[in-house]
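The values are calculated or read from the model by the stated rules, or taken from the named source; none is laboratory data. In this text, all values refer to a predicted model and were calculated from it rather than measured experimentally. Cβ placement follows ideal geometry from the backbone for every residue including glycine, while neighbour counts extend to all protein chains displayed. Note: areas computed on protein heavy atoms with side chains; ligands, DNA, RNA excluded. Shrake-Rupley method; radii C 1.70, N 1.55, O 1.52, S 1.80 Å.
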Amino acid sequence: QVQLVESGGGLVQAGGSLRLSCAVSGRTFSTYAMGWFRQAPGKEREFLATIKWSDSSTYYSDSVKGRFTIARDNAKNTVYLQMNSLKPEDTAVYYCAGTNLYPAVRESGYYRWGQGTQVTVSS
């Protein structure tokens with residue numbers, strides 16, 4: 001089965017950047033696209049971006065469009081989320097997830113999730 005492991009989270013000052021990685025292992029051919037979500041304390045999980053493995057088509061939520069960039073490296077079975085101009089309100093646990101849909105913007109559209117990585121943006 002597909003396994004997802006996120007990395008790259010940490011503490012950063014407002015205005016800074018971070019790049020998150022999501023390493024995908026297992027039955028990777030069964031996953032059509034990947035997505036990134038985040039969940040802040042006391043809030044629902046929020047869709048951020050999704051990308052197709054085949055042609056790198058991407059789709060973003062309006063809340064991060066222009067600041068965040070999703071990318072994939074098929075040779076490494078890894079998906080990235082480049083986050084620029086970070087704000088304190090970007091503080092959350094960030095998750096990658098696998099889906100057979102595109103573009104999938106709801107949690108219910110994803111069938112496999114990573115454990116999450118914490119991103120904290122200080123003001």
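For K43, the lysines whose Cα comes closer than 28 Å to its Cα, not counting residues fewer than 8 places off in the same chain, are K52, K65, K87.
For segment 1-68, the per residue solvent-accessible surface stands at 52 Å², with DNA, RNA and ligands left out and a 1.4 Å probe.
Per atom type, segment 1-94 shows carbon and sulfur on 47% of its accessible surface, probed at 1.4 Å. Charge dipole (Cα centre; +1 on Lys/Arg Cβ, -1 on Asp/Glu Cβ; no other charges) of segment 1-92 amounts to roughly 120 debye.
Each residue, S57 and S25, gets one label point 7 Å from its Cα in the Cβ direction; the gap between the two is 3.1 nm.
Provide the net charge surrounding F68, with neighbours chosen by a C-beta distance below 11 Å and charges set as Lys +1, Arg +1, Asp -1, Glu -1.
+3
With springs only between Cα atoms under 10 Å apart, run a GNM on the chain and tell me which of A40, A14, A75 wobbles the most. Among A40, A14, A75, the largest GNM mean-square fluctuation belongs to A75.
Let's test the formula: R0 of 22 Å, r as the Cβ-Cβ distance of Q115 and Q1. What FRET efficiency results, to the nearest 0.05? Could you put the intermediate results ahead of the total?
Numbers: r = 15 Å, r/R0 = 0.68.
With a Förster radius of 22 Å, E is 0.90.
What's the local net charge at Y102, with K and R +1, D and E -1, over the other residues with C-beta under 13 Å away? Please report the intermediate quantities before stating the final value.
Details: positive: K52, R72, R106; negative: D55.
Overall, the nearby charge balance is +2.
Each of K65 and E107 was given a label point 7 Å from its Cα along the Cα-to-Cβ line. The distance between the two points is 2.4 nm.
Which of D73, D90, D55 ends up with the largest GNM mean-square fluctuation for the chain, with Cα atoms connected below 10 Å? Result for the chain, Cα springs under 10 Å: D55 fluctuates most. So what is the relative contact order of the chain, in percent, for Cα pairs below 8 Å that sit 6 or more residues apart? Answer for the chain is 36 percent. Computed from label points 7 Å out along Cα-Cβ, the spacing between Q39 and Q13 is 3.2 nm. Accessible surface for Y32 stands near 100 Å², nearest 10, in the context of the full protein assembly shown (1.4 Å probe).
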